[in-house]
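J.: There's a structure below that I have some questions on.
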Amino acid sequence: MNFYSKIKNKANKFINSKYMLSGITIASFLESTVVPVPLEAVMVPLMQARREKLWLIALMATLGCVIGALFGYALGYFLFDAIGDWVVNTFSSPEKFEQVKQKMQAQGFWLVLTLGIVPIPFQLAMLAAGATKYSLVLFLIATTIARSIRYFGLAVVVYYAGDQAERMIKENKIKALIVATLLVLLAWWLSSS
């Protein structure tokens, strides 16, 4: 059995195992905290293979991300003085983090919502929210909305497109992100007018 076949067999065992939902929750937690790699690459094939659990997979991914966001917020809130420099230099730059921090103080809810949708490392928003002591309730609401848009949006595409979902997402991902970002920015602008 070659390497590819072994990987495929392990993936199929995971897809059909009783640990699939807890596994996607853990993967989502890790993606939102320490592994800035998009979870969509795993979720779409998983959703296609387990359509009967499509909405539950999206829910568990959202839950894992929200728990991860709460962890990141706590790091920013309690430990930023001790580890903040290392985290900022690992995931971004001091200049970029300072910009995010200033925006967080001015327009935190909309910033978290926008960063939760677009493909920018969400760790910046989590740390900035905690470091600036931004409202935890508003942070969690914005995070839940943003990640629900991402993960339940994938579920909708898989529900309607079926086996063609992966191809459609690859072909239209940039367009969808632009449209979603523009809609959030429009809502942001309308709310501040």
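Only the coordinates and a few stated rules stand behind these numbers; no lab work does. In this text the structure is predicted, and so the values were computed from the model without any measurement. When we count neighbours, we look across all protein chains shown, and the Cβ atoms used for this are built from the backbone with ideal geometry, even at glycine.
J.: Can you tell me the FRET efficiency between I15 and F91 if r is taken as the Cβ-Cβ distance and R0 is 25 Å, rounded to the nearest 0.05? Mind showing how you got there, number by number?
T.: Numbers: r = 30 Å, r/R0 = 1.22.
Once the sixth-power term is evaluated, E becomes 0.25.
J.: Label region 28-169 by shape, choosing from rounded, prolate and oblate, from the square roots a ≥ b ≥ c of the eigenvalues of the Cα gyration tensor; if a/c is under 1.5 it is rounded, and otherwise prolate applies when a/b is larger than b/c, oblate when it is not. Don't jump to the answer; show the numbers that get you there.
T.: Values: a/c = 2.34, a/b = 2.14, b/c = 1.09.
Prolate shape, in that a/c is at least 1.5 and a/b is the bigger ratio.
J.: Run the reach check for K101 against aspartates and glutamates, Cα to Cα strictly under 18 Å, same-chain hits fewer than 8 apart removed. What comes back?
T.: K101 reaches D81, D85.
J.: With a ≥ b ≥ c the root eigenvalues of the C-alpha gyration tensor of region 62-114, is it rounded (a/c under 1.5), prolate (a/b larger than b/c) or oblate?
T.: Working: a/c = 1.74, a/b = 1.11, b/c = 1.58.
Oblate is the answer for region 62-114, as a/c is 1.5 or above yet b/c matches or exceeds a/b.
J.: Continuing with the same structure: If packing is taken as the average count of other Cβ atoms within 10 Å, what order do 60-69, 94-103, 135-144 fall into, highest mean first? If you can, show how the numbers build up before the last one.
T.: On the way: 60-69: 23.4, 94-103: 15.1, 135-144: 17.0.
Those peptides, ordered most packed to least, come out 60-69, 135-144, 94-103.
J.: Follow-up question, since we're still on this one. Once R0 is set to 45 Å, what does the formula 1/(1 + (r/R0)^6) return for the Cβ-Cβ distance between S22 and W189, expressed as a FRET efficiency to the nearest 0.05?
T.: Values: r = 40 Å, r/R0 = 0.89.
Computed FRET efficiency for S22 and W189 comes out at 0.65.
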